[in-house]
Structure formats: structure tokens, C-alpha cells
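Asker: Pasting a structure below so you can have a look.
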Amino acid sequence: MSVKISGAQLIRVCTVLQDCADQLAVLGNIMPDTYKGRPEADMVVGADISGVISQHKEAEQSLRTLRQSQGESGSVAEAVLELHKSHKELNRTMETSPLSPDNLAKVQRDRHFLAQVITAVLAELKEKGMFESLLLAVEEEKRKKAHLLDIIIREEEGRRRTKALQRQLQDIRKEKTLELQRLDEMTAHLKDQLQEMKVKTSLERKYVKSSTELLVFQGQKLTTHKEKSLEDEIKLLRDKMEAERRVHMEMEIFLKQNQSSLGEKLEYWMERYEKDMEDKQQELNSLKHSKASNLSQLQDLARKYRESEQVVMESRLEKENLRKMLEREQLERDASTKIQSWWRGTMVRRGLGQYKKGKKGKEGKKGKEGKKGKKKQK
């Protein structure tokens, strides 16, 4: 927000601004671009450049002189420093030349912008006594400067990225160069191998051709020999066929001659066969009759054998039963004897029955009688 100016302060501000506008107008008239087309323009700029170049040459000459005379290290260092300074001065003079198009255009733009702002502010002060246009111009210039700064930052970032990409491109170029060298070496190696293969193939072709010709010659020779052997074999087979034909004719004549005699022999043997068959049939019938009679006799003998075998088995069973009965009776007698002996011994030991204990005489008598009885039983 601007403050309204009035009175003497407004007059002073307007006077200062008017003076600035006049000075800018004068500056526009004395700018170096007004020297264009004039002969003194080159003299104005050339004088400065010639002075700087002469200083640079003097510094180079002094450095060369010191090196030739091999002076002290301090003098050489001072001469080198002087040479660097003259070189920088030359570069700055060339860059800030008043006749360079960039410098002239920038100065003209700034002067024109400042003249417009001052004129607008002066008119606003005269009309309203305020300077809002100045504030707006300052804000607009700040915005443009910020935008320009952003552009510069982005340009620097782009330059850095461009440099990085250039380095990557350089690395890729180096890699591709190395790869191309490797491929060239591989190509040369493959060409050498191809040449070797061509030579080897040529030698193999010659060898195969010579071996093929040799094989063909050998084949022809073997074929000729085989043809000759086959012709000899054909001749031999023809002779054999002729001999076989003669033998066949003779055999046919012989067989025809013997056919009649064989027919008579066949009739004779047929009659004999029929007669022998009748005789053998009669013999077979007699054998069948004798077989039937022998079979009946065999059946009678088998029946008698079964009857005899049954009688023998019954007799054996009776004898076995009798033996078992006698053995059982003997066992019973032995068992009864043992039981009686055991019982008597028990009666004697326990003094039962007639063996009861009494007086000594009686006991002695009874003992003797008991002993006698035992002896008798034994």
C-alpha cells in the first residue's frame, strides 16, 4: 500500500525523478551503440584492447626472459602471476567490450525500462500524489527476477544433467569402442579361421576327389572282375542245366519203362494184402475168444482169492482176540496177586485179623505161622 505525498515533498520527489529521466535520456544518447557507423568507434574500443594486449605480451616476454636466464624462483612466480593477471584482464576486456551486442542490448533494455518506470511514477505523482506504479513495477521486476533465477537454476541443473549424460555417453562410447575393437579382433580371428577353413576345405576337396577317383577305379576294376566271374558262372550253370536236362530225359525214359513192372507189383501186393488181412482177422477173432474165456477164469480165481483172504482175515482176528484175552487174564492174575500180597503185608504191619498182637508166645507162634503162610503163598 502506497502513501500519498503532497506539498513540498511531492515537488522534491518530482524534481529528482525528472532529473533521473533527463540523465537516462542523455545516457541513451551517449551509449556506445551511437558510435556505430562512425570511424572513431573502433578507435575507442581498440585503444583499450591494444593496451591490454600489450600488457599481456610484456608479461609473456618477461617470463620468457626469466626462464632463459634461469632467475630466482620468486621472480619467476611473480612473472607467472603477472601473466595470469594480464590474461584475465584481456578476457574481461573482450567480454565487457562496450561494442559487444549482448552488453549493448542489456544496457539499452535496463535504461529503457528504468525510463518508463520513472516516467510512469512521475505522471502518477503529478496526478494523484501516489507511487503505486513504482511498487507494482518493483514487484513485477522481483517476480521476473525470481522467474529468471528459477530458469537459471533449471538451466544449471540441465547443464549438470547434460554433463552427466555426456560423461555417460563418453563411457558408453568407450565401451562401444572397446566392444568394436573386440568385435574387430573377433572378426579378424574369424577371418583367419575362415581362411584356414577354406584352405582345409580345398585340401579336403582335393583329397576327396582323388580318393573318389581311386574308389571309382577300384570299383570299375572289381566290377570287371565280378562280371568275368559271373560270366564264367553263367557258362558253368548253362553246362549244368544241359547235363540236368539230359539226366531228366534219361530218368523219364527209365521211369516210363519201370512203370509197367511197378503196376504188376502193385497188383500182386494188393492181393497179398487182402489175403493177409483175412488171416489176421481170423487170428484176431480167435484171440478175442480166448481172451473172453481167460477173463471168466480170472474172475473165478479172483472170487476164490477174496473168499480165501476173508477166511484168513477172520482166523487172524480170532487168534488176535484170543491172544489179547489171555494177556488180559494174565494181567488180572498178576494184579490180584499183587493186591493180595499188599493186603497181607498191610494186615501184618498193622496187626489186623488173625495177625492181631497178643502174648509173646502167641505172638511168636503167630509170627511163625504167618511166616509159614507167606512161604506157602510164595
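What follows draws every value from the coordinates through simple rules; no lab data is involved. Not measured: the values here are computed from a predicted model. Cβ atoms come from the backbone with ideal geometry, glycine included; neighbour counts cover every protein chain shown.
Asker: So which of Lys198/Lys221; Lys304/Lys324; Lys206/Lys226; Lys106/Lys163 end up more than 32 Å apart by C-alpha? All intermediate terms of the calculation are to be shown ahead of the outcome.
Answerer: Working: Lys198/Lys221 34 Å; Lys304/Lys324 30 Å; Lys206/Lys226 29 Å; Lys106/Lys163 29 Å.
Correct reply: Lys198/Lys221.
Asker: Okay, next question. So if I take the centroid of the Cα atoms in segment 159-227 and the same for segment 236-300, what is the distance between those two points in Å?
Answerer: Centre-to-centre (Cα) distance: 90 Å.
Asker: Place a +1 charge on the Cβ of each Lys and Arg in segment 214-326 and a -1 charge on the Cβ of each Asp and Glu, then give the dipole magnitude about the Cα centre in debye, rounded to the nearest 20.
Answerer: So the magnitude is around 680 debye.
Asker: Need the full-extension length gain, Glu264 to Gln181, defined as separation in residues times 0.36 nm minus the C-alpha distance. One decimal, nm.
Answerer: Working: separation 83, 0.36 × 83 = 29.88 nm, distance 11.25 nm.
Here the answer is 18.6 nm.
Asker: On to the next question. Using the 10 angstrom Cβ neighbour count as an exposure proxy, how do Val216, Val107 rank, fewest first?
Answerer: On the way: Val216 10, Val107 16.
In order of increasing Cβ crowding within 10 Å: Val216, Val107.
Asker: Another one. How far is it, in nm, from the label point at Tyr273 to the one at Lys126 when both lie 7 Å from their Cα along the line to the Cβ?
Answerer: 17.1 nm
Asker: Sticking with this one: So if each residue of separation counts as 0.36 nm, and I subtract the Cα-Cα distance between Glu250 and Val138, what length gain in nm does that give? Each step should come with its number before you reach the end.
Answerer: Working: separation 112, 0.36 × 112 = 40.32 nm, distance 15.01 nm.
Computed gain between Glu250 and Val138 is 25.3 nm.
Asker: Please work out whether segment 191-324 counts as rounded, prolate or oblate from its C-alpha gyration tensor, where a ≥ b ≥ c are the square roots of the eigenvalues and a/c under 1.5 means rounded, while otherwise a/b larger than b/c means prolate and anything else oblate? Write down the numbers at each step before the final one.
Answerer: On the way: a/c = 11.54, a/b = 2.00, b/c = 5.78.
Verdict is oblate for segment 191-324.
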